[in-house]
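Reading through the structure tokens given below for one structure.
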Amino acid sequence: MNQPIVGYHQDEHGDWVADLACGHGQHVRHQPPMTSRPWVLTPEGRAQHLGEILFCKKCETG
């Protein structure tokens, strides 16, 4: 199920987690070369991605 990003927080390891409208979270790590998300490293970058749609695996599995 697709859900918009409504905010962010850091987990216990300092990795960024997108807070989704459904109440679930999804990691949005920058781990090149597998995942390139340099925008997650700055407050401005994260703000630009508010409202972006991510697929929520937790909503899909119930």
Worksheet, complete the sentence: Over segment 30-47, the set of residues under 20 Å from Pro4 (Cβ atoms) and either part of a helix (DSSP H, G or I) or open to solvent by 80 Å² or more (accessible area, probe 1.4 Å) (or both) is Trp39, Val40, Pro43, Glu44, Gly45, Arg46, Ala47
Practice prompt. Residue by residue through segment 48-61, note down the ones that are assigned to a helix (DSSP H, G or I) and either small (Gly, Ala, Ser) or open to solvent by less than 100 Å² (accessible area, probe 1.4 Å) (or both).
Written response: Cys59
Discussion item. Of all residues being free of Cβ contacts under 8 Å to residues at least 12 places away in the same chain and over 23 Å from Thr61 (Cα atoms) in segment 1-29, which is surrounded by the most Cβ atoms within 10 Å (Cβ to Cβ)? Just the residue, please.
Written reply: Gln10
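The values are calculated or read from the model by the stated rules, or taken from the named source; none is laboratory data. This structure is a prediction, so every number in the text was calculated from the model and none was measured. Every residue, glycine as well, gets a Cβ built from its backbone with ideal geometry; the counts of neighbours run over all protein chains shown. In case anyone asks, the SASA skips ligands and DNA or RNA and just uses the protein heavy atoms, side chains included. Shrake-Rupley method; radii C 1.70, N 1.55, O 1.52, S 1.80 Å.
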